[in-house]
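A short write-up of the structure that comes next.
The values are calculated or read from the model by the stated rules, or taken from the named source; none is laboratory data. These figures come from a predicted structure and were not determined experimentally. In this analysis, Cβ positions are derived from the backbone assuming ideal geometry, glycine residues included, and neighbour counts consider all displayed protein chains.
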Amino acid sequence: MVDQKKVIEALWSRLAKVTEFSFTASNSAGSATDWHGHGRGKVAVSRCGDLLLFEEEAQFTRSDGRTLPMRNRYRWGRLEDRVRLEHQRREDPVLLFELAPVTVHGLRQVTPHLCGADTYTADLLFHGSEIELIWAISGPRKAERLHYHYW
């Protein structure tokens, strides 16, 4: 049996130390999007009680070589037996996932995130000084995978 509180504490401690990230987007056969490329950048982390705000900034290089600025704001929340990940697009955060421990170094979404006809799932792995967050997006026009590395 996994000690969920211990896993959450270990992850939370690691999340608070993040300063950099890399990001890879890929799509599979059947995807109608061109979301394919990679980026690497900085993360500014600020803390407010049981919340961590990630301000991500990077350059994203598409598969055709075109470079675009990339910015995201994510809010992590610590709950008793899981963590919550929200996207701060505007003033109100959008819940993406609640992630619960499934192993001593891994968490999985409690329920998939639904956005229109698309379904988002996620796995989070942490080991040493690195955190991996792997998203899968499936829908009528999407078959995508987003792979973050934080350290």
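Values for this structure:
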{"quantity": "Only one of Ala32, Ala58 that is of a type in the set (A, V, I, L, M), touching a residue at least 24 places away in the same chain (Cβ under 8 Å) and out of contact with any strand residue (DSSP E or B) (no Cβ under 6 Å at 6 or more places or on another chain)", "calculated": "Ala32"}
{"quantity": "Of residues in segment 1-39 being in a loop (DSSP other than H, G, I, E, B) and among the acidic types (Asp, Glu), the one modelled with the highest pLDDT", "calculated": "Asp3"}
{"quantity": "Selection count, segment 72-107, where residues are assigned to a strand (DSSP E or B) and either closer than 20 Å to Phe54 by Cα or among the small types (Gly, Ala, Ser) (or both)", "calculated": "21"}
{"quantity": "Identity of the residue in segment 110-135, farther than 26 Å from Lys42 by Cβ and touching an Asp or Glu at 6+ places or on another chain (Cβ under 8 Å), that ends up surrounded by the fewest Cβ atoms within 10 Å (Cβ to Cβ)", "calculated": "Thr111"}
{"quantity": "Residue in segment 62-75 that is within 21 Å of Lys142 (Cα to Cα), touching a residue at least 12 places away in the same chain (Cβ under 8 Å), exposed (fewer than 15 other Cβ atoms within 10 Å of the Cβ) and in contact with a Pro (Cβ under 6 Å, 6 or more places away or on another chain) present", "calculated": "no"}
{"quantity": "Residue within segment 41-60 that is over 17 Å from Trp12 (Cβ atoms), surrounded by fewer than 16 Cβ atoms within 10 Å (Cβ to Cβ) and touching a Ser or Thr at 6+ places or on another chain (Cβ under 7 Å) present", "calculated": "yes"}
